[in-house]
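A quick write-up on the structure given underneath.
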Amino acid sequence: MRRQNPRPQQLALLLPNTERGRIVVTRALRSHRSCERVVERVRYVLRYFPEIGGTPIRVGLTRVANGMAVPGGNEIWLNPGHTSYHTIAHEFVHLLQRGGGVPRGERSCDVHSLARHWTLNDEAPSYVKIPPRLLQIDGKLTPTAARIVYEVACEALDRRQLGTRRYIAWFEERLVSVDCTSCTSLTLPTSRAS
Ligand SMILES: [Zn+2]
């Protein structure tokens, strides 16, 4: 029996002109009530991943994990019940790891995703440690904490470029030592915070 292809006009309804062809959703996700919200979030995160924006990215549905990067393709699966920006960014970094541009491993994936943009740091990562004082009770980061984590992650990657092999441990240690008696009033250098 011949399988019907997804109808492009259905996808186009979800996406503005500039995004058409960049995000393709699987049939299962397309029929999910959260599809529009998921696509909206993927599109936002994709802004900060110009390396993978050139070819269409396929987005599917999973319920067994928060997210997964599918081997062998430009494809991620997301759990509609858990679509934090961080999860999406983390899965995008996995796609970059396959191309060899980012060192392998979950901890490396976390640090690289935390260094993309502070607005993507909306919840605690799963594999690197964030000091509890930077987290809210629900595990989310305040905007100020998100900026701090972003700044420190960027510096960790700078250090890696300069040859520091322990850049992930450095990242965790630096966060512990950040002077943050009141994170809502902490002021960061603005060079990278925009
Ligand atoms: Zn992962």
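The values are calculated or read from the model by the stated rules, or taken from the named source; none is laboratory data. Fair warning: this is a prediction, and the values are worked out from it, not measured in the lab. FYI the Cβ positions are ideal-geometry reconstructions off the backbone, even for glycines, and counts take in every protein chain you see.
Could you say whether any residue in region 140-151 is crowded, with 19+ Cβ neighbours inside 10 Å, under 22 Å from residue 41 (Cα atoms) and either within 16 Å of the ligand (Cβ to nearest atom) or hydroxyl-bearing (Ser, Thr, Tyr) (or both)?
Within region 140-151, one or more residues are crowded, with 19+ Cβ neighbours inside 10 Å, under 22 Å from residue 41 (Cα atoms) and either within 16 Å of the ligand (Cβ to nearest atom) or hydroxyl-bearing (Ser, Thr, Tyr) (or both).
Does at least one position in region 82-96 carry a residue that is touching a Lys or Arg at 6+ places or on another chain (Cβ under 7 Å), away from the ligand (no atom under 12 Å from the Cβ) and either of a type outside the set (Gly, Ala, Ser) or closer than 19 Å to residue 165 by Cβ (or both)?
Looking through region 82-96, at least one residue is touching a Lys or Arg at 6+ places or on another chain (Cβ under 7 Å), away from the ligand (no atom under 12 Å from the Cβ) and either of a type outside the set (Gly, Ala, Ser) or closer than 19 Å to residue 165 by Cβ (or both).
Are any residues in region 78-99 farther than 23 Å from residue 140 by Cβ and surrounded by 20 or more Cβ atoms within 10 Å (Cβ to Cβ), and if so, which ones?
Within region 78-99, 95 is the sole residue that qualifies.
What is the one condition in (1) within 16 Å of the ligand (Cβ to nearest atom); (2) hydrophobic (A, V, I, L, M, F, W, C); (3) out of contact with any Lys or Arg (no Cβ under 9 Å at 6 or more places or on another chain); (4) without any contact (Cβ under 8 Å) to a residue 60 or more places away in the chain that residue 78 does not satisfy?
The failed condition is (3).
Tell me, which helices (runs of 4 or more DSSP H) wholly within region 56-167 include 1 or more residues that are farther than 28 Å from residue 29 by Cα and at pLDDT 95 or above?
106-114, 143-161
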